[in-house]
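Engineer: I have a structure I would like to understand better, so I am pasting it below and will then ask my questions one at a time.
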Amino acid sequence: MTARVAPHFAAFARTASPRAPLYARLGAGLAVWPGLEDLYADAPGTARVPVNLFAAVHYLLLADRDAPLARFYPNLAGDTPATGDPVPAFLEYCNEHSAEIRALVATRLPQTNETGRSALLVAGFDRLPAGPKAHLDVGASAGLSLMLDRFAYDDGNRVLGDSALLLECSVLPPGRPLADRLPEVTSRLGLDRRPLDLTDPDDTRWLEACVWPDQADRFHRLERAVELFLADPVPVRQGDAVDDLADAVASLGPGEPVVTTSWALSYLDPVRQHAFVEELDRLGGTRDLAWVWAESPELVPALPVDATREGDDLTVLGVSTWSDGVRSDRTLARCHPHGYWLHWLD
Ligand SMILES: C[S@@+](CC[C@H](N)C(=O)[O-])C[C@H]1O[C@@H](n2cnc3c(N)ncnc32)[C@H](O)[C@@H]1O
């Protein structure tokens, strides 16, 4: 028998409220709603998570912004989102659109691409020798991190770059910059098991739908990043982080190869995480290479850093380099998982 999803909604409601008050309230209401399991009737195991239903409804609302439910969504309602109980409007919307929601939940999986992490990767690039770089982002999703040199960054002291999208990342200790310069990227490529294609409006809508509506700033900066992407798209190819890494590195254009991963390795099991690092080691034995990573040591034991136990959403930034076959690892900073702050460790 398929496991019920209602307990996951109850758990979500308990844990998500500080970050997602709307979804927490909806989660509590959905956990006791008799219609819930029907919406997941066709969904495979990996899709049986609360965020998939939330994304499905959000996806429909993005094309239906006059629906009464949209007034409760901070990213859609403008300055004055409705403050009453959102549950009746949500359940009514689910009843009215049950066939579409059921189909979306059965065929989609949550997918994110967090623009704010570009700030962390820029800080990592800055620790590499200056010069043209060939950037390969592994677990690239839609490829937004490949545009890190096209965004601007405000580290609390100064702004680096000039762009329609300004990302704020406050840096500790105060006075230390996020980076001295933007990287000089001369070629770029993304690799992802399940890439999203931002030139397809449906993929873009799904990516936007997966952002939690309470986090309106994330939603709006994603919209701006997509606009920048569409002005000059970057390629993301389908492939596996381990099996297709060597081919992807080999097909990079001019520049010193820099592989990046941000919140990607935690989606591999520990054996594949180690296989990824071993593959980098193998490649690093044949050519100079760098790896900039922003990952959770708790979820990625293969990282070249001692696992800390300071919190579930701890993200650590590090850089590994291979020069003449010699590897060197540096742990640089603790960070917010979405790049809102960075605390230098070195
Ligand atoms: C949480 S997203 C992070 C995306 C992006 N790096 C960011 O920071 O926003 C994780 C990404 O890793 C990809 N992924 C998971 N396993 C993978 C694998 N074995 N090979 C390639 N990509 C993988 C997923 O498809 C997804 O796009």
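The values are calculated or read from the model by the stated rules, or taken from the named source; none is laboratory data. On a predicted model such as this, the values are computed, not experimentally measured, just so you know. Positions of Cβ are generated from backbone atoms using ideal geometry, with glycine treated the same way; all protein chains shown enter the neighbour counts. All accessible areas refer to the heavy atoms of the entire protein, side chains included, with ligands and DNA or RNA removed. Shrake-Rupley method; radii C 1.70, N 1.55, O 1.52, S 1.80 Å.
Engineer: I need the peptides 113-122, 290-299 ranked by packing, meaning the mean over residues of other C-beta atoms within 10 angstrom, with the highest value on top. Show your work: numbers first, answer last.
Structural biologist: Details: 113-122: 26.4, 290-299: 23.6.
Averaged packing, sorted descending, gives the order 113-122, 290-299.
Engineer: Continuing with the same structure: Kindly rank 322-328, 78-84, 98-104 from highest to lowest mean number of other beta carbons found within 10 Å of each residue.
Structural biologist: So the peptides 322-328, 78-84, 98-104, ranked by packing, come out 98-104, 322-328, 78-84.
Engineer: Taking a virtual spin label 7 Å from the Cα of ALA99 along the C-beta vector, which residues in the range 50-69 bring their backbone nitrogen under 14 Å of it?
Structural biologist: None, by backbone N distance to the label point.
Engineer: Something else about it: With unit charges on the beta carbon (Lys/Arg positive, Asp/Glu negative), name the residue among ALA16, LEU104, LEU36 whose Cα is farthest towards the positive pole of the charge dipole of the range 6-107.
Structural biologist: ALA16
Engineer: May I pose another question? Determine, from the Cβ-Cβ distance of ASP200 and HIS220 and an R0 of 25 Å, the FRET efficiency 1/(1 + (r/R0)^6), rounded to the nearest 0.05.
Structural biologist: 0.75
Engineer: While we're on this one: Can you tell me the FRET efficiency between ARG272 and TYR340 if r is taken as the Cβ-Cβ distance and R0 is 25 Å, rounded to the nearest 0.05?
Structural biologist: 0.30
Engineer: Follow-up. Give me, ordered by chain and number, the residues 5 or more places off VAL236 or on other chains with an amide H under 5 Å from its own placed amide H.
Structural biologist: GLY190
Engineer: When a/c is below 1.5 the answer is rounded, else prolate if a/b is larger than b/c, else oblate, so apply that to the range 6-107 with a ≥ b ≥ c taken from the square roots of the Cα gyration tensor eigenvalues. Please report the intermediate quantities before stating the final value.
Structural biologist: Values: a/c = 1.76, a/b = 1.24, b/c = 1.41.
Oblate, because a/c is 1.5 or more while a/b does not exceed b/c.
Engineer: A further question follows. Given a 1.4 Å probe and every protein chain left where it sits, what share in percent of the accessible area of the range 6-107 is carbon and sulfur?
Structural biologist: For the range 6-107, the apolar C and S fraction of the accessible surface comes to 55 percent.
Engineer: Moving on to the next point. Solvent-accessible area per residue for the range 173-327 at a 1.4 Å probe radius, Å²?
Structural biologist: 44 Å²
Engineer: What distance in nm separates the two pseudo spin-label positions at LEU230 and VAL326, each 7 Å out from Cα along the beta-carbon direction?
Structural biologist: Taking the two extended label points, one gets 5.0 nm.
Engineer: Tell me the mean residue ellipticity at 222 nm calculated for the chain from its helices only (DSSP H runs of n ≥ 4, each -39500 (n - 2.57), averaged over every residue, nearest 500).
Structural biologist: -9500 deg cm²/dmol
Engineer: What per residue convex hull volume, in Å³, do the alpha-carbon atoms of the chain yield?
Structural biologist: Measuring per residue, one finds 143 Å³ for the Cα hull of the chain.
Engineer: May I pose another question? Cα centroids of the range 150-201 and the range 60-121: how far apart, whole angstrom?
Structural biologist: If we compute the Cα centre of each part, the gap is 27 Å.
Engineer: So, for the range 6-107, what is the accessible surface per residue at a probe of 1.4 Å, expressed in square angstrom?
Structural biologist: On the way: 4650 Å² over 102 residues.
Ligands and nucleic acids excluded, the result is 46 Å² per residue.
Engineer: Rounded to the nearest 0.05, what FRET efficiency do ASN157 and ARG237 have when you use their Cβ-Cβ distance and R0 = 35 Å?
Structural biologist: Result of the calculation: an efficiency of 0.40.
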